[in-house]
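The values are calculated or read from the model by the stated rules, or taken from the named source; none is laboratory data. Here the structure is a predicted model, which is why all the values come from computation and not from measurement. Cβ placement follows ideal geometry from the backbone for every residue including glycine, while neighbour counts extend to all protein chains displayed.
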Amino acid sequence: MSRRAILLLAAALLLAAAAVAIALFSLLRGKKVEKQAVVNFEPINFAEVEGWQADNQAAAFPALLKSCGKITPDITMAEACTAAVELSKHGEVTREAARAFFEAHYTPNRIADAPNLGLVTGYYEPEIDGAREKSAKFPVPVYGHPDDLAAVMPDELRARDSAAGTLTAMRKTDDGLVPYYTREEIDEGALQGRNLEVLYLADPVELFFMQIQGSGRVRLPDGSMVRLSYAGKNGYPFTSIGKRMAALKQAKPRSLSMQGIKAWLREDSDRGKKMMWQNKSYVFFRVLDGKEGEGEPIGAQGVSLTPGRSLAVDASFHALGLPIFVEAPELKGDDGKPFRRLMMAQDVGSAIRGVERGDIFWGSGDDAGRIAGTTHAPARFIVLLPNVAPGA
């Protein structure tokens, strides 16, 4: 079998494994099985990847190790992960060793027939003041996962279903499944009296943006920090209020940056509330305790994210755990150099839809938020597919 045939087989096996997982999940819920998206890969050489030699692949290697700990063994990934773990046993992995590892165990692939340039944006983990008890200063509840919320599709594929307008979760009732409460209904009290509150915040706008980011760190009055992680959503498609605001003929925000939108929402609380209701999607959180709450937030793959090296993708196209080299030359770093960097697909997002659509995780706090809020650039993906040994 030729090398090209082996690489194409590897890609097919990755997609097949994902399709089987979707099928099993769907059948358990009596839902019609939907086809997994197909990506046409075109193998290339590392010499053709602009910026590959200049990147520090050692910075992405720890993120790969995290992903390997969550990947179920199969012939497409087991060999590379086994080699990565073995390499890590010999001490710190240098830049040269990391680059040699990826070149030995993966083959870069362009995405063939992509109609347009892709897009990368940024996200981060906000740090917000809050409390465990409701008060005049902290009246806004942060809700945990309701027991009547039932996922009807794998959470990793919520972007695909959001794009199609499909509900990804429903509400369990005695008469069967019905659509869950919308953001407006929840804000108006649909979940009150059920003891679902895990924390309280001062500002509904901060809650709204924490839900968009999918995680957050809450600073309590005694100075301690509590980490909140994504626990589920009400199933409605994500609606960008930024796009809705851009269409306004009057009272448009002076800036459609995150900071500009926040300021506009706060200028008139009633107007802001109604605008946020345009996004029916509502995210629920869980508190991370002990070691789970340390370090960085947890992504959809179940591993802690690595600032600047973790990428949220549309998992209907790309398996979580794959290395992806992102080319976004219009996005400049602090050093002024174009963004060309090896990243790990470790997260998803309802707004991340498409074969070359990504969201870069920048870290926690205000500085990361400023970077995330200005990250918006055309991009191309080079997907590193693991090599499969002949006869495997």
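Assorted remarks:
- Test result for Val198, out of contact with any Pro (no Cβ under 7 Å at 6 or more places or on another chain), under 16 Å from Ile186 (Cα atoms), outside the structural domain of Pro323 (by TED's automatic domain parsing) and crowded, with 18+ Cβ neighbours inside 10 Å: yes
Condition check ((1) touching a residue at least 12 places away in the same chain (Cβ under 8 Å); (2) more than 27 Å from Asp347 (Cα to Cα)) across all residues:
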| position | (1), (2) |
| --- | --- |
| Val178 | no, yes |
| Gln213 | yes, no |
| Arg219 | yes, no |
| Gly260 | no, no |
| Trp264 | yes, yes |
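- Subset of the stretch 94-110 [surrounded by fewer than 19 Cβ atoms within 10 Å (Cβ to Cβ) and not charged (D, E, K, R)]: Thr94, Ala97, Ala100, Ala104
- Test: Pro323 is within 17 Å of Asp55 (Cα to Cα), assigned by TED's automatic domain parsing to the domain that holds Arg380 and surrounded by 24 or more Cβ atoms within 10 Å (Cβ to Cβ): yes
- Pairs with Cβ under 6 Å, 6+ apart, first in the stretch 271-284 and at negative phi and basic (Lys, Arg), second part of a loop (DSSP other than H, G, I, E, B) and buried (at least 20 other Cβ atoms within 10 Å of the Cβ): Lys280/Tyr236
- Comparison of Leu64, Leu13, Leu87 shows that the only residue that is in a helix (DSSP H, G or I) and modelled with pLDDT under 90 is Leu13.
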